[in-house]
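The values are calculated or read from the model by the stated rules, or taken from the named source; none is laboratory data. These numbers come from a predicted model, not from an experiment. Cβ coordinates were reconstructed from backbone atoms using ideal geometry, including for glycine residues, and neighbour counts include every protein chain displayed. These area figures cover heavy atoms from the full protein model, side chains too; ligands, DNA and RNA do not enter into them. Shrake-Rupley method; radii C 1.70, N 1.55, O 1.52, S 1.80 Å.
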Amino acid sequence: MKLNITVLFLALMGGAVQGACAADALAAIPFGPFAGDTGYQEIPLAEKSWYLAVFGSRKTDLAWVENGWKTRAAQLCSSMHENYFVEMRYVGERILIDEKVVRREDSDVSRFMRTVGATYIPIIVPSGPREIADYVIPGKQAPIVCVQNPELLSDKTRAVSVQEVLKQTR
């Protein structure tokens with residue numbers, strides 16, 4: 001009888017330790033540059049603007065992805081010594097009150113566009129059975145722009161404070 005109680009105790013302790021390790025693994029999802037499965041990527045668009053993407057894994061909560069995206073946006077703007085960032089709806093969105101609309105005819109590209117004309121773009125359609133992945137990986141992708149003064153924005157409610165975001169993540 002004493003042997004059975006010892007075996008039962010060891011089995012319960014092993015399960016508890018294994019459960020604690022699994023919980024720690026989920027809580028400690030790494031936040032860093034994209035490494036093939038999770039992390040962030042940014043593409044510079046302009047002097048104070050990036051296209052920012054944060055990807056999680058199947059075990060990642062969507063709230064973690066959202067917080068990671070805001071944290072990385074705040075880090076980028078903080079490195080530029082800016083106090084706020086704005087999530088743009090699309091690349092090139094006008095967010096400042098005095099921002100000039102750039103027409104295609106005003107740029108250097110317009111000359112090229114007129115002389116080249118249409119371009120053939122091949123579209124490759126894979127053959128064979130189509131499969132839909134059995135899981136969805138959470139991620140957030142959007143362009144951001146860093147601003148010093150939210151009073152210059154056409155919609156001031158969209159400004160997110162860099163200091164507030166960095167304070168929440170500490």
**OP:** Could you pull the accessible area for residue 156 with a 1.4 Å probe, rounded to 10 Å²?
**Re:** 90 Å²
Original post:
Between residue 43 and residue 96, how many nm apart are label points set 7 Å from Cα along the C-beta direction?
Top reply: 2.3 nm
Subject >> Accessible-area order (highest first, 1.4 angstrom probe) of the listed residues 88, 80 >> reply: 80, 88
Original post:
At residue 155 and residue 167, where each label point lies 7 Å from the Cα along Cα→Cβ, what is the point-to-point distance in nanometres?
Top reply: 2.5 nm
